Every structure is written in structure tokens, then in C-alpha cells.
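The values are calculated or read from the model by the stated rules, or taken from the named source; none is laboratory data. Predicted model, so just to flag it, every value in this text is computed and none were measured. Please note: Cβ atoms are built from the backbone with ideal geometry, for glycine as well, and neighbour counts cover all protein chains shown. For accessibility, only protein heavy atoms count, side chains too; no ligands or nucleic acids. Shrake-Rupley method; radii C 1.70, N 1.55, O 1.52, S 1.80 Å.
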Amino acid sequence: MASKKNTPLSELLRLPLGPVNVSSLDASATPGYPGKGKQDAPAQTAALGTQLSDLQETLYASARSTQEKAPRVLVVLQGMDTSGKGGLIRHAIGLVDPQGVDLTSFKAPTPEERKHNYLWRIRKALPRPGQIGIFDRSHYEDVLVVRVENLVPEDVWSKRYDEINRFEAELVADGYKLIKCMLNISFAEQKERLAARLANPTKYWKYNPGDVDVRAKWPAYMEAYSAALSKCNTEAAPWYVIPSDRKWYRNWAVAELLRETLAGMGLAYPPADFNVAAEQKRVAAS
Ligand code: AMP
Ligand code: MG
């Protein structure tokens, strides 16, 4: 389809508004991929690195001159175990200067975190002005694992979708650009990845016996994902579903989404806040 060739990836992967069933989305598709496939994916992804680096630097620089509503990016990563949040951070986010990245991995809440509202630890981890924040899991766990495992009553978690929408709208109004990515893997692919971890002693550390118990509740998780994605898919903070059965596509796709997002922010280097000609003379005379 020729018309799809120039369609931005953000449009191709944007979750359509309305009710959605995540399990019906193809996890092995490769929409918008410009190359041949797995063989040229590392090169395609690396080629984005230069642009990403330049854009990240402009983001950082532009925030230094803006006091209010300083631009910043927040990438939210959600996905079932083995969907590859870690690999993605290494391969795609790793293209960017680590000084420009604020990375936070959210685990089950600590006793301290449990004393506060679920958004407390999220607010504390928000990226600083000019930074690219990465959330490896996020406030969405509070309507995913929390819902499936009944960690709080339904009347509590069911109110959180609206709360999350209000919270995210507030962030956007404050200058944050949100890129919410669901790394979508199939049930069959997860089995392969778990088996691969057990077949290789250097991968045992990645294996968690509890992952199989979570896997047993796959349909309930898909229902929870479907609800979270459709209820929190707003204009201000849209969801992208990344087909993630192919790791090479997943990595390229998130790098490209990040590139498109940064490129669309209209970032510019700030002008000098000193007299350039006068400073040139001083340096020459020094
Ligand atoms: P991993 O990302 O594999 O290191 O696992 C982190 C674990 O923390 C997962 O089992 C998540 O479901 C769990 N987790 C993250 N956030 C929450 C939360 N808000 N409530 C309960 N469990 C959570
Ligand atoms: Mg895990």
C-alpha cells in the first residue's frame, strides 16, 4: 500500500479511540518498517541514533531557557512479562545520551510507598525539565495487576481511570509530552521466551517462577489491559500498541516513535543570553 509508506508511525500504531480488545491485535505485525526485516533492523535502528541524539540535545538545551512549562518527554512502558521492556530500554533508549534520560522501574510498592496514594511515587519520578523520562511499568499497574489480583476493592480501582486521565492531562498542560507504549506480545510468544530463559543458564536470572502464575491469568490481564488502554486513550495522552513478538521491530518502532515525537515538538536551541560579539573579543584577547 503506497499511501502507508509516508504515514507517520505514530498514526499507524496509535490505538483507535473506543472500546478495544488487545488480544485481537496482531503482535507479530511490522507496520511502517522501512527496511527488509530482521537482517537490516540493527542498521535501521542505529540510523535513528544520530537524529535522536541531536533532538535530545535540543530538548535539553531548550529547557534551560524556559522556566515555565519546560518541555520534557515521558515514555510509559507497559507489557506482560517477557514483552521486552528491558531489551527495549537497552536497544532503543540506549541510543540517547544517558545524561538526558531519567529512568524509573516500578516494582510492587514498598511499605513507605503504600502509605501514600498510588500516584505519589509516580509524581516523585517525573522527568526533570529537558529530560526524557522512561517508566518501566507505571501508574497503570494500579489498574492492571491491582485489578487482576484484587489488591484493592473494585470501587477503588474503577475510579482510577478517570483519575489517571486527569493526572495525565495535568502533565500535558505543564509541558510534558507523553508516549504511552504497550508492548504487545502473544500468549504463544511468551511461552517461547519463558522456555528460552529456562534453556540457558545465563538467562536463569531473568526467570521468575511467579511469571507462570501470572501467565495462567492471561485472559484476565488482557481484559485489564483492554480496559486501561481504551479508558485512558485520550487526545492529550494517547496509547500506542507496539507489536512486540519481533524484538527487532519493537526496538526500531519505539526509537522511531520517540524520534517523531521529539521532531514534532518544535524544539529549538535557545539564543545566547550574553553578547556574543563582546564575548568573542574577550576570548580572543585572553
Ligand atoms: P519486573 O518488572 O519483572 O521486575 O516485576 C515488577 C513487579 O512489580 C511485577 O510483578 C509488577 O506487577 C509489580 N508491580 C509493579 N507496580 C505494582 C503495583 N502498583 N502494585 C502491585 N504490584 C506492582
Ligand atoms: Mg519480570
Could you tell me which residue of the stretch 96-115 is farthest from ligand 2 (Cβ to nearest atom), considering only residues that are within 16 Å of S138 (Cα to Cα) and open to solvent by 70 Å² or more (accessible area, probe 1.4 Å)?
R114
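Among the residues of the stretch 192-209, are any part of a loop (DSSP other than H, G, I, E, B) and away from ligand 1 (no atom under 15 Å from the Cβ)?
The first filter runs over the stretch 192-209 and keeps only residues part of a loop (DSSP other than H, G, I, E, B), leaving 199-200, 207-209.
Next cut, away from ligand 1 (no atom under 15 Å from the Cβ) only: 199-200.
Yes: one or more hits.
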The residue that is nearest to W218 (Cα to Cα), considering only those in the stretch 15-59 that are touching a Ser or Thr at 6+ places or on another chain (Cβ under 8 Å) and in a helix (DSSP H, G or I), is S23
Does G87 satisfy being within 12 Å of the chain's Cα centre (by Cα) and at pLDDT 95 or above?
no
Of all the residues that make up the stretch 177-236, how many are within 15 Å of ligand 2 (Cβ to nearest atom), over 25 Å from W252 (Cα atoms), aliphatic (A, V, I, L, M) and open to solvent by less than 30 Å² (accessible area, probe 1.4 Å)?
0
Among the numbered criteria (1) open to solvent by 70 Å² or more (accessible area, probe 1.4 Å); (2) more than 16 Å from ligand 2 (Cβ to nearest atom), which one does I93 miss?
(1)
Name the residues in the stretch 61-90 that are away from ligand 2 (no atom under 16 Å from the Cβ) and either touching a strand residue (DSSP E or B) at 6+ places or on another chain (Cβ under 9 Å) or part of a loop (DSSP other than H, G, I, E, B) (or both), would you?
A63, T66, Q67, E68, K69, A70, P71, R72, V73, L74, V75, V76
Filter the stretch 116-139 down to the residues that are outside any loop (DSSP other than H, G, I, E, B) and within 16 Å of ligand 2 (Cβ to nearest atom) and list them by number.
F135, D136
